[in-house]
Structure formats: C-alpha cells, structure tokens
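This report refers to the structure that appears directly beneath it.
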There are 2 protein chains.
Amino acid sequence: MSFILTFLGKGGTGRTTVAIAAAKQYASQGKRVLLTTQDPGPVFEMLLGKPVGAEPQTVEPNLNAVQFQTAALLEKSWEQVKQLEAEYVRTPFFKNVYGQELGVLPGLESALSLNAIREYDASGDYDVIIVDGPGDQTTLRMLGMPEVLSWYIRRFRQVFADSDLGRTLSPFIQPISSAVLTVNWSGDNFAEPTQQVNNQLDEGKNAVADPRRVAAYLVTTSDETAIATARYLWGSAQQVGLTVGGVLLNQPSLSMKTATIEEQFAPLPIQSIPFRSGEHWQPLMSALPSFTEAEQAPQPITIDLAQQQVKLFLPGFDKKQVKLTQYGPEVTIEAGDQRRNIFLPSELRGKPVKGAKFQGSSLIISF
Amino acid sequence: MSFILTFLGKGGTGRTTVAIAAAKQYASQGKRVLLTTQDPGPVFEMLLGKPVGAEPQTVEPNLNAVQFQTAALLEKSWEQVKQLEAEYVRTPFFKNVYGQELGVLPGLESALSLNAIREYDASGDYDVIIVDGPGDQTTLRMLGMPEVLSWYIRRFRQVFADSDLGRTLSPFIQPISSAVLTVNWSGDNFAEPTQQVNNQLDEGKNAVADPRRVAAYLVTTSDETAIATARYLWGSAQQVGLTVGGVLLNQPSLSMKTATIEEQFAPLPIQSIPFRSGEHWQPLMSALPSFTEAEQAPQPITIDLAQQQVKLFLPGFDKKQVKLTQYGPEVTIEAGDQRRNIFLPSELRGKPVKGAKFQGSSLIISF
C-alpha cells in the first residue's frame, strides 16, 4: 500500500513543478516513489528534464516516473476484457475488435488512470505515488468515482430488482445466460462479477477517505483568481471525501499580506515555497511540508451516532450554495457541481432529516 | 446555426479572458452571442465581473452568458431519458430514480456540455457561441465525441451482427422487446432509435470538420512550456478534425524574438494581444483577429481520390510520434494520445495502405 498524494489548483500555478519536487524529496529520503502524470503533452518531460514513457522508468535513485497514455491504457484494458470474455462467454465477439483501433471517449482517461494507480498501489512496489493530474474538478471526479459508481450499482440494482421490468426480464436471463455463457449460474446470475467490482470500489472509497492513504494539497499563487480557485477546490474535495492537508503558496509577492491568505484557508497550514530556477530543485524540495500533516486536517465527514448527527466539512461554501435533498433512499448533498449520496450507517438509514445548519465551515445534519 | 469558437492552450495563459473579450467583441458588432463556460469554479464570474447562472442570461447587449453545471444538466437529461422510457417501455423503472440524486461520473461534463452546445446551436438564437472549456485534451475529446461514438456504433454493430453471440441472442430479442416495450418492432428492433442517434452524430462530425461552423484558436504566452503545449494541442486538434485558425500571443515579452514563435506555428497567423487591465476590455477586444480566417487554415484531412491519397495535417508531430495501423476495417492513426479511425470514401474502403510519408507537417497515406 502506497501513500497517494495529489495537488489541486488553478492552471499555471506550478502544480506539476511542485509534484516533481515532492517526488524528488520523498526519493531523497529513501522512499520508493512513483511519479505519475495524466498530462499527455510535452510539459511534464520539459519540467522533469528526462524522457518519460507509458511504462514506469527510473529517472533517479528511488524515483520512477510514468506518463499515462490513455490510448495505450485502453489497449491494455481491452485485452483484459477480452480475456474475461473468453473465460465466461461461449462464443466471444469482443475478440474481433482490436485494442489498437479503439478511440478515446471523454472520461476514459480518468477511469483508466485511476485503475492504473490502483494497480501500482496494489503492486507493493511503491511507498509513495505522486499523482500529477489536471488538478481541478476532473481530478476530484476521478477520485470520487469509487463512491459514485458504488452508488449507481447499489441504487439501480435495487430499483431493477423491485421493478416490473426486472420481473419481466428474469425468465429470459437464465436461457440467455446458459446459451451465451459457458457457465450455468443459479440464483443471482451476476452476483459473482458484481461482488468483485463492489470489493474494488469499496477499497477505493476507503482509501480516498483515509488521509494516511490519499491526500491532496492546494497550490496557489497570490493572484486572486488562483486563490479563489484553490478555495473552491478545497470545498469540492470534501464532496468526494478527499482530505486536503494544506496550502502551498507559490512565489508569494512581498506586498501581499500572508495574513489575508491564512484567513481564507484557516485552519490549514500554509507554506510559502520558492521559485525553482533551472536545475536547482533543492530549495523548493526543502521548503515542502511533511505531507503526513494531512492526518490533522479536518475530515470531510464525521458521523455522530449518539447525537444522530452527520457533520460535513464544506469550507468555501455558504448555505445558499449547498443543496440538501432526500429524493431517493439516501441523503444527497449538492455543492460545487458535485453531488454526493451519503451512505449512512444502519442506525440512521431511511430516517428523515430533521434539520441542517452551518456551524463555521461545517454543515451539521440532524436526524 | 451558430459559429462555435473555442480556445486551446496551457492553463494560466489567459484563455478565459480571451474568450470573454471575443464574446464582447462579437456582441459589440451586433452579433447575438452566447458565452459558455465549463469551469464550475468562481473564476469565470470574477473575470466577467457579472454573476452567471446555469441558464443563459443577458450580461450586456447581445451577449448572454451561461455556466454549465454538470449536476443540473444531468438532472435535465435524466428527465428526457425518463420521458423516452415512458414512451417506449411498458413498465418503466428509470422513473423511480430521481435526477436530483444522480452523481457525476468523469466524462459526463463533456458529454452534457456538448449536448447543451448542440441544443443552443440548434435553437437559432445565437450567431456565435464562444466555448470556454478546459482548453486542453479534454476539450478535444469533447469535440471528437461525435466521430468516436459513430465509430463505436458502426464497428460494434457490425461485429455483433456477424457474431455467434448476435445469432444466439436474436431469438430472445423479439420476446423480450415485446414483453418489455410497448411496441412490436419487426426486423431490426433498434433501427429507429439508432438512426436518430446516428443523424445527430453525423451533424456533429460535419460541424466540427467545417471551419465556418467550428474553429479553435491557440492562446500562449512567450513561456516555453506554454508554447510547447500550444504546439501539442495544435497537432492534437487535427486528430479530432478541428481546424485551428491562428495563435494569440498573450503579453509578449519585449526581449522575445517573435520570429522564433512564428516559425513554430507556421503557416498560422500570430496576433500579439495586450494585457487587459481592470474594466478596460477595449484594447484587448480590438487586438483580436477576425476569427473567420480559420477558413484559410490548413484542413485536418484532405482526400484525393484521383491520386488515391489521404493527407493528414499533423503539425508538431514527427513520424516517430505517429502510428498508422490497419487492425480493423479502417485505417487508424494514433498521435498525441488520440486515436482516429478514418472513415474512407467507398473507393478507398478496405484497401490496404501502400505507403505513408511525412511531407512538411502532413502525413500522406497512399492506397
């Protein structure tokens, strides 16, 4: 298991440079580091000063780097899908489509990158994985995938099972599955593969929710749009259950009152970091915080069973920007173009919300 | 039909500022303009200096602005899906899931934004639609969706029809469809809805391929990583069939030789644009080019039937970075983490590639 660290912030604030410095710093401390980037363009290699490919390669002692290439990852995943098909399906037809011809649709880069990160994490080869991504809502949606997908499976499975449609289709499922598949399952035909997926999703959800496993840091300059973006991403990160450990203030201008920035990001620690010049990475590396302080940062969600309360940390949002609804069986929170369905412990499940109020930066929901 | 204009470039180069200036410039010329942004954060409103919502609203004469909110668009689309389901399905089950609880998965923002742009385009309310998006590979994948989706439908339909699986399933399709659906189709049960989708995809493909309908401009500063990113996006845009009309050079430093930049982007016109300061948009607006010059830019693909040649304009890539394969029934070009299957005219379809060579920035494929 690795510690997975990513950086959020507006484009042009130096996220990639910081990611590289963090990777170098960990490597210099003897950790086995994998530095990944989702940016397929030339900038990553220019900043790192080394060529990087679609497979991890050592760029300095303890430090491997990889540039995710969606087309290549898709090819690899397609081969796995074809193998799975060949195992379960009598006369596979995916085998007639080649991974080398599959086009890349939006969202695939997130799904495939997350899957690649999961595999590198599971490999046991790395103590730390640094994820250089778009650093915005896209990164958050990627890390939110396990939770959102779990919800889709949970919700649609239930609705389908309860529906006339499910009952209408069920007599056909057995004959089709025995005609098409090489196995004759009894009972719930899709329990086995679904359970496998669910386990992976649960592992993903648990990792993202644990700041010892996954953490994010904000990167900003003293530019007001960069600060506003960092604040927005800070709040949005909570909506996917991701802990933000602190703020890195890149090239602070002398005229700026650091106090103003501290106020905007309280209670997070703020670290000023210097400009990197040319090959001189050391000053930047030395200025980086110990990222383990993320464990002290406010948790995105706290459930208090005794008080029958759920506390959501939502910095940067006020009550007007947060929508709380109970249309389906779960409580849904909408904020910052993210929607989160809260999977409640059985004690609170199905109960109506009695009230909700903001206390500081937290939304307290009472049942 | 509207003219759809977007800007590509590295984060922090001023793409959003330029998009706003272009929208203001068109509006000042009496065009009916819709300015859209896919950035859900606070920066768009800060730069525009006006509040913007999920529905278009007038921010100045002739100029409407809208901030796409994926969660809201998803809710709206879900209602349409439910209506469609209710029309065709005897006992709909989607109706038991509420749009207000649906979580946002990666890729949905691209699909839903593109669909919203399509609807605004079809409404006839706008002469120009300015699209402020992530401005990177994500924007290109969004605009490439109609072509890639068409390919998936074409390819998998054919493979399925030819397969044992298709033949095995076909006896079940009729009883299921009559049990589940309110209609009894004969023959190809899914011809009607598929044809509708195909028509929309064809319209989208044709629009993206026509620089009088859709065009992109590159935005860069004189920073070397910004220039490299712009060049990479220039080449990648060709892979989705999108014409790049020119380059906007933001705040050129006095010391920089413009000639160096011109060389890197030849034959595109390069326009230096000034810094916007505060409310003074006019100098920036006046410095913008007439975006109709995109019609003179090199076309992404040219087919010469007499010579049996296909010419692909791929600036910024050399032969090593481009992969040409013929695994499936079409010719596949891979470059810049994009894969394109070229749908050839019937005269060339199914023919093997005889040779391929780079001529200037173009790849000439001979059949």
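So how many residues does the stretch A:20-52 have that are within 14 Å of another protein chain (Cβ to nearest Cβ) and open to solvent by less than 20 Å² (accessible area, probe 1.4 Å)? Walk me through it before giving the result.
Of the stretch A:20-52, the ones within 14 Å of another protein chain (Cβ to nearest Cβ) are A:20, A:37-49, A:51-52.
Remaining after also requiring open to solvent by less than 20 Å² (accessible area, probe 1.4 Å): A:20, A:37, A:41, A:43-44, A:48, A:52.
Here the count works out to 7.
Listed by position, the helices (runs of 4 or more DSSP H) enclosed by the stretch B:217-335 that each have at least 2 residues that are surrounded by fewer than 16 Cβ atoms within 10 Å (Cβ to Cβ) are B:258-265, B:282-287. Residues of the stretch A:154-172 being open to solvent by less than 60 Å² (accessible area, probe 1.4 Å) and closer than 17 Å to A:Asn198 by Cα, which ones? Correct list: A:Arg155, A:Phe156. Can you tell me which of A:Gln200, A:Gln174, A:Gln196 is under 24 Å from the mean Cα position of the chain (by Cα) and modelled with pLDDT under 85? When all the criteria are applied, what remains is A:Gln196.
With the condition kept exactly as written, say whether any residue in the stretch A:121-135 is closer than 21 Å to B:Val104 by Cα and assigned to a helix (DSSP H, G or I). The answer is no; no qualifying residue exists. Picking from residues in the stretch A:95-107 that are within 7 Å of another protein chain (Cβ to nearest Cβ) and assigned to a helix (DSSP H, G or I), the one that is surrounded by the fewest Cβ atoms within 10 Å (Cβ to Cβ) is A:Asn96.
Is it the case that some residue within the stretch B:342-361 is under 21 Å from B:Thr220 (Cα atoms) and either away from every other protein chain (no Cβ under 14 Å) or within 22 Å of the chain's Cα centre (by Cα) (or both)?
We begin by selecting, within the stretch B:342-361, every residue under 21 Å from B:Thr220 (Cα atoms); these are B:361.
Restricting the remaining residues to those that are either away from every other protein chain (no Cβ under 14 Å) or within 22 Å of the chain's Cα centre (by Cα) (or both) gives B:361.
Yes; the residues of the stretch B:342-361 include at least one that is under 21 Å from B:Thr220 (Cα atoms) and either away from every other protein chain (no Cβ under 14 Å) or within 22 Å of the chain's Cα centre (by Cα) (or both).
Only residues that are out of contact with any Pro (no Cβ under 9 Å at 6 or more places or on another chain) and more than 22 Å from B:Val331 (Cα to Cα) were counted in the stretch A:60-115, giving 15.
Taking B:Ala65, is it open to solvent by less than 20 Å² (accessible area, probe 1.4 Å) and more than 9 Å from chain A (Cβ to nearest Cβ)? Answer is yes for this residue.
The values are calculated or read from the model by the stated rules, or taken from the named source; none is laboratory data. Quick caveat: nothing in here was measured; it's all calculated off a predicted structure. Virtual Cβ from ideal backbone geometry, glycine too; neighbours counted across all protein chains shown. Each accessible area value is taken on the protein alone, full model and side chains, heavy atoms only, with ligands, DNA and RNA left out. Shrake-Rupley method; radii C 1.70, N 1.55, O 1.52, S 1.80 Å.
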